[in-house]
Amino acid sequence: MIKRAFFKSKFLPYLLILPQIVITLTFFYWPALQGIIQSTLLSDPFGRQSKFVWFYNYIALFTDPLYLKSIFTTLVFSLAVAAVSLFFGLFIATMANRALQATAVVRTMLIWPYAVAPAISGIMWLFLLHPSYGVVALGIKKWFGVNWNPVLNGTDAMVMIIMASAWKQISYNFVFFMAGLQAIPKSLIEAAAMDGASPFRRFVTITLPLLSPTFFFLSVMNIIYSFFETFGIIHTITQGGPGGATNILVYKVYQDGFVGLNLGSSAAQSVVLMSLIILITALQFKFVEKKVQYTG
Amino acid sequence: MVEKTPLLDLFTYLFLILGIFIVGFPIIYSLIAATLPLEEVSKVPMPLVPGNQFMVNMTEAWTRGDLATQIFNSIVMATGITVGKITVSMIGAFSIVYFDYRFRAVAFASVFCTLMLPVEVRILPTYEMAANVLGPLQPVWEYLHMNDFLSWFSGHDIDISLNWSLLDSYTGLTLPLIASATCTFLFRQFFLTVPEELCEAAKMDGASPMTFFRKILFPLSKTNIAALVVIEFVYGYNQYLWPLLVTTNPKMTTAVIGLQNLIPMADDLPEWNVALGGALLVMLPPVLVVLLMQRWFVKGLIEKEK
């Protein structure tokens with residue numbers, strides 16, 4: 001789309017778009033291309049020699065039990081993070097929306113975890129869940145009677161990174177749910193109330209369906225968040241361990257590429273991730289179009 | 001609300017307070033831990049009464065973690081990304097919306113395709129790129145026999161290989177993260193809502209494109225810019241993977257990464273008071289930015305994702 005009134009100039013528009021194009025080409029397209037090429041090569045760890053091997057890296061990847069396990073880990077992790085943070089975000093936003101006098105104060109008190117780096121959230125939760133010093137760990141041991149130890153036990157470590165990742169994401173979801181709730185016309189709620197629908201009934205039959213676009217959007221964003229941005233949490237507190245229990249896909253790309261120096265496999269993993277995110281984005285755009293029709 | 005529901009209201013406030021407490025708990029607890037001496041912090045359970053060692057722990061974290069250097073690096077990186085991203089995408093969007101030229105659609109499409117492609121999915125090749133930005137030009141250089149040409153030209157043996165590394169530099173920390181389809185897209189959407197009459201009037205008064213941009217478009221975009229400043233600052237400050245790769249020199253590391261050195265490992269003294277003190281210090285700049293610019297932040301967050 002272009003404006004009805006526009007400027008005519010020979011060089012200026014090229015000059016203006018140039019920085020963006022140069023950076024995009026250098027740091028997006030060229031690396032993406034290199035990644036794809038590298039994923040078809042088998043090279044020694046020093047990168048001196050490489051051999052074209054077609055899809056060997058991909059085949060090796062999808063027959064590697066460690067990679068399949070990592071896919072499973074990532075799925076469990078991202079679904080859990082999305083579910084926990086969506087539930088809390090929606091719950092708190094609904095409550096805050098009811099407490100009309102206090103909305104601004106509540107918002108201030110809930111918004112700041114957004115600014116906390118994932119890695120820092122990880123450090124705080126590591127302390128809270130630390131097997132010897134953590135206060136939450138103490139509570140878990142006492143109430144559930146389990147021998148809590150995220151340093152040695154894979155499941156416990158997974159629970160720890162889920163908590164650290166979901167905690168940070170609550171405020172993000174809260175902001176969007178809050179905006180979604182405030183956009184719901186009051187008249188709808190009032191009409192339902194006059195027909196005798198209880199607050200809970202109104203929430204289920206009016207609020208939730210009207211929030212579904214927000215809900216879908218946030219699910220996608222939360223899954224993308226837990227796929228990629230949680231790298232900091234994992235690198236600071238578990239390093240993919242114990243025994244690969246928290247080795248999610250993006251961490252494996254880093255480990256295989258930069259620590260293990262298995263360049264071909266790491267590149268193939270990058271390409272897989274890239275395709276995955278393109279798929280998710282395409283899906284989302286398809287949905288956004290639907291949303292436009294829905295609201296008219 | 002619509003009807004009077006005193007009981008439900010009571011529960012609403014109770015749950016709300018509980019929710020705020022759960023969200024705030026890690027911070028409150030870290031704050032208390034940061035005020036305690038070592039013996040207290042390693043007690044199980046840790047006492048919930050703040051101690052008087054706050055300044056001692058903070059100073060310890062500040063010097064041991066070299067936080068002055070690292071927070072400075074983080075702020076430079078965050079500011080660089082913020083300013084760079086907003087400038088590049090704003091003029092880019094201006095070019096796409098307000099000019100008609102042959103490659104306009106191609107330019108827009110090529111930028112748009114990179115939407116949502118985070119640096120995490122292409123780390124290795126991007127790293128190689130940063131290690132030598134001129135690498136892709138080397139074959140061109142050799143193809144043109146530039147070395148032979150220069151040798152012939154100067155009469156000496158010259159062997160130039162193109163090499164410009166961004167590793168361990170502020171440019172390396174910021175430049176690759178500056179390209180952002182989201183910001184460009186946001187500005188494009190905003191420019192499209194600017195009334196046509198403004199541009200027509202400006203043209204009639206004989207304003208050049210850049211005058212129009214400076215005097216009309218820029219002032220109109222101020223709230224959008226403010227919103228993006230908050231979001232991009234937080235984004236830049238909290239980057240983890242990229243600074244981890246491009247910096248090896250401890251003097252160039254950013255604060256979020258440097259913090260890891262403060263976490264007590266299994267054999268160390270459990271100095272969690274120092275570690276958490278450091279964590280609180282490091283998170284302060286972005287948290288302050290978000291809280292102080294809350295209004296723009298909320299607006300920006302929601303606009304950006306539309």
In nm, give the distance between the simple-model label positions of residue B:76 and residue A:22, each being 7 Å from the Cα along the Cα-to-Cβ direction. 2.1 nm
Would you mind getting me the FRET efficiency between residue B:87 and residue A:193? Use the beta-carbon distance for r and R0 = 45 Å, nearest 0.05. 0.35
Among A:120, A:223, A:59, A:170, what is the fewest-to-most ranking by other Cβ atoms within 10 Å? A:59, A:223, A:170, A:120
Along principal axes, Cα extents of chain A, largest first, whole Å: 76, 72, 31
Taking only complete DSSP H runs, can you tell me which helices of chain B stretch 30 Å or more along their own long axis by Cα positions and average at least 0.0 on the Kyte-Doolittle scale? B:6-33, B:67-98
Per the Kirkwood treatment, what hydrodynamic radius in Å, one decimal, follows for the protein assembly as shown from the mean inverse distance over all distinct Cα pairs? 26.4 Å
Listed residues A:234, A:184, A:280; largest mean-square fluctuation, Gaussian network over chain A with Cα springs below 10 Å, found at A:184
Per DSSP helix of 4 or more residues, -39500 (n - 2.57); summed, then divided by the residues of the protein assembly as shown. What does that give at 222 nm, rounded to the nearest 500? -21000 deg cm²/dmol
Have a look at B:258, B:172, B:24 and tell me which one the Gaussian network model of chain B (Cα, springs below 10 Å) gives the largest fluctuation. B:24
Ratio of Rg to Rh for region B:1-144, alpha carbon only, Kirkwood? 1.20
Please work out the FRET efficiency for the pair residue A:141 and residue B:48, using the Cβ-Cβ distance as r and a Förster radius of 22 Å; give the result to the nearest 0.05. 0.75
If all Cα-Cα distances of chain B are sorted into 10 Å bins from 0 onward, what percent lands in each bin, rounded to whole numbers? 5, 18, 22, 22, 17, 10, 4, 1, 0, 0
Can you give the direction-averaged projected area of the convex hull of the alpha-carbon atoms in region A:169-296, in nm²? 10.4 nm²
Log entry: pair-distance distribution for region A:76-182, C-alpha pairs binned every 10 Å from zero, whole % per bin is 15, 38, 30, 15, 2
Candidates B:137, B:220, B:288, ranked by Gaussian network fluctuation over chain B, Cα under 10 Å, top entry: B:137
Using R₀ = 41 Å, calculate the FRET efficiency as 1/(1 + (r/R₀)^6) where r is the Cβ-Cβ separation of residue B:105 and residue A:68; round to 0.05. 0.45
Order of B:9, B:267 under a 10 Å beta carbon neighbour criterion, fewest first: B:267, B:9
Over 22 Å [Cα-Cα, region A:8-115], rounded percent: 68 percent
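Laboratory data are not the source of any read-out in this text; all were calculated from the coordinates shown. None of these values were measured; they are calculated from a predicted model. Backbone-built Cβ (ideal geometry, glycine too); neighbour counts: all protein chains shown.
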